[in-house]
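The values are calculated or read from the model by the stated rules, or taken from the named source; none is laboratory data. The structure displayed is predicted, hence computed values, not measured ones. Every residue, glycine as well, gets a Cβ built from its backbone with ideal geometry; the counts of neighbours run over all protein chains shown.
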Amino acid sequence: MYRITELARQFGLSRSTLLYYDRVGLLSPSGRSGADYRLYSPADRARLETICAYRKAGLTIEDIRSLLAMEGDDTSEVLRRRLKELGEDIRDLQVKQRLLAGMLRITAAGGPHADMDKETWIAMLRAAGMDDAAMERWHVEFERRAPEAHHRFLISLGINETEALLIRKLSAGAGKGKEENRRTDVFQP
């Protein structure tokens, strides 16, 4: 039998993680010691090993609970679904990676050229899979990291000074959670 701290250490987990797994019904100890310590059996250890493998594969607690409940049944559907989700996530990340690399090339070349305007830029972001919320996050992050570069970038897109300042103000406010300052229509063509 294993005590909670001993078992947690074997898997590089915290004691609180095992307590959480117990609370959500993923892994309950098989017994208690005379001093009321949680005791885990070799079968509990094997179950934790399975839970950890599923977590490393990116499965949610709910998915893991479903898989563990199936015991011996065909679990391939849940795993196929997660594999498909990972593939979609990878494709989305690759698109964003290419977009960011392009942005860096544009920035290194001194910003967008005259043939790049606000509408073209927004169309590129949309083609890369960014929705309104993602574009707003992009502006918020740009404003947070490099406010003056953000301003120069907006101006280089042909946005007038007043609108550029408004976008920056809204980006700074949204970044601080000031919901009343948010107006995503400013980020649109």
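Considered as a group, the residues in region 14-33 that are touching a Leu at 6+ places or on another chain (Cβ under 8 Å) and part of a loop (DSSP other than H, G, I, E, B) include one that is nearest to Leu48 (Cα to Cα), and that residue is Leu27. Applying the criterion of being of a type in the set (A, V, I, L, M), closer than 14 Å to Leu7 by Cα and surrounded by 11 or more Cβ atoms within 10 Å (Cβ to Cβ) to the residues of region 23-45, the residue that is nearest to the chain's Cα centre (by Cα) is Leu27.
Can we say Glu180 is at pLDDT 80 or above, among the acidic types (Asp, Glu) and either part of a helix (DSSP H, G or I) or under 21 Å from the mean Cα position of the chain (by Cα) (or both)? Considered against the rule, which asks whether it is at pLDDT 80 or above, among the acidic types (Asp, Glu) and either part of a helix (DSSP H, G or I) or under 21 Å from the mean Cα position of the chain (by Cα) (or both), Glu180 comes out as no. Pairs linking a residue in region 67-96 that is not assigned by TED's automatic domain parsing to the domain that holds Met130 to a residue that is polar (S, T, N, Q) and surrounded by 10 or more Cβ atoms within 10 Å (Cβ to Cβ), with Cβ atoms under 8 Å and 6 or more positions apart or on different chains, are Leu67/Thr75; Leu68/Thr50; Val78/Ser66. Within region 59-69, identify whether any single residue is exposed (fewer than 12 other Cβ atoms within 10 Å of the Cβ), at pLDDT below 95, farther than 23 Å from Asp89 by Cα and not polar (S, T, N, Q), and answer yes or no. Checked against the condition, which is being exposed (fewer than 12 other Cβ atoms within 10 Å of the Cβ), at pLDDT below 95, farther than 23 Å from Asp89 by Cα and not polar (S, T, N, Q), region 59-69 yields at least one hit. Within region 148-176, the set of residues being loosely packed, with under 14 Cβ neighbours inside 10 Å, under 24 Å from the mean Cα position of the chain (by Cα) and assigned to a helix (DSSP H, G or I) is empty.
Selection within region 1-22: residues that are out of contact with any Lys or Arg (no Cβ under 9 Å at 6 or more places or on another chain) and of a type in the set (A, V, I, L, M). The member of this set that is surrounded by the most Cβ atoms within 10 Å (Cβ to Cβ) is Leu13. For region 41-69, the tally of residues that are touching a strand residue (DSSP E or B) at 6+ places or on another chain (Cβ under 7 Å) and not in a helix (DSSP H, G or I) stands at 0.
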